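The values are calculated or read from the model by the stated rules, or taken from the named source; none is laboratory data. In this text the structure is predicted, and so the values were computed from the model without any measurement. With ideal geometry, Cβ positions are generated from the backbone for all residues, glycine too; neighbour counts draw on all protein chains shown.
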Amino acid sequence: MIACPNCRSIQPADNVNTGLVTPCPKCSVMLRGDVFPAFYRVRNTPLAASAIQEQDKAECFNHPGKQALTACSICGRLLCSLCEINLDSTIFCIPCLESGKEKKKISALENQRLLYDNLALAFAFCPILFVFPTLITAPVSLFITLRYWKTPGSIQRRSRFRFVLAFVLASLQIAGWIFFIAQVLD
């Protein structure tokens, strides 16, 4: 699939590799789409890197002289079968995979997360046993609950029950302290 750089609409296959400048069907920007034929090939079995046999074939970015079979979905480098890394049906080159791992941009590589709902619940529940720390931990629990409500939770799907429970407990603790202080001041 080739997208228009202006409107990001997918271009029809008959406008690609024609050698002609054609208008985008959606925004009418004049485009010329040239891609190597292996871009459209569907492969299910891994192949060994083969030497380029024909003149006008694309070669691998990392292995000059080896035929490119696909392109990296991030940077677009042409890759042979030795260089391509298929992860969740997305093709990566090694530098893009390493960069995505370091920057935590590739969710398929995640193997752990900080569970803010558990943290908020711990700040709301554990200090109840000692009473006085709730002066500090109840507002912290409310902050964590409100600040991290929309962050991704566990790698496995879970409900927001822990956040709700932490919010309720922390709110009750704060209300209890307000009531206690009001009683003392009277």
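When you scan the range 53-95, how many residues do you find that are polar (S, T, N, Q), under 23 Å from N17 (Cβ atoms) and either within 23 Å of the chain's Cα centre (by Cα) or surrounded by 15 or more Cβ atoms within 10 Å (Cβ to Cβ) (or both)? Explain how you work it out, then say what you get.
Residues of the range 53-95 that are polar (S, T, N, Q), as a first pass: 53, 55, 62, 67, 70, 73, 81, 86, 89-90.
Imposing the further condition that a residue be under 23 Å from N17 (Cβ atoms) reduces the set to 53, 55, 67, 70, 73, 81.
Still in the list and also either within 23 Å of the chain's Cα centre (by Cα) or surrounded by 15 or more Cβ atoms within 10 Å (Cβ to Cβ) (or both): 67, 70, 73, 81.
Residues flagged as polar (S, T, N, Q), under 23 Å from N17 (Cβ atoms) and either within 23 Å of the chain's Cα centre (by Cα) or surrounded by 15 or more Cβ atoms within 10 Å (Cβ to Cβ) (or both) within the range 53-95 amount to 4.
To keep it simple, each residue is scored yes or no on (1) in contact with a Cys (Cβ under 6 Å, 6 or more places away or on another chain); (2) in a loop (DSSP other than H, G, I, E, B); (3) at pLDDT below 75.
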site: M1; (1), (2), (3): no, yes, yes
site: P5; (1), (2), (3): no, yes, no
site: D14; (1), (2), (3): no, no, no
site: L20; (1), (2), (3): no, yes, no
site: P25; (1), (2), (3): no, yes, no
site: S28; (1), (2), (3): no, yes, no
site: F39; (1), (2), (3): no, no, yes
site: R43; (1), (2), (3): no, yes, yes
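Which members of the range 137-163 meet the condition of being surrounded by 11 or more Cβ atoms within 10 Å (Cβ to Cβ), out of contact with any Pro (no Cβ under 8 Å at 6 or more places or on another chain) and hydrophobic (A, V, I, L, M, F, W, C)?
V140, L142, F143, I144, L146, W149, I155, F163
Could you grab me the full set of residues in the range 20-37 that are closer than 21 Å to T70 by Cα and either out of contact with any helix residue (DSSP H, G or I) (no Cβ under 7 Å at 6 or more places or on another chain) or free of Cβ contacts under 8 Å to residues at least 12 places away in the same chain (or both)?
R32, D34, V35, F36, P37
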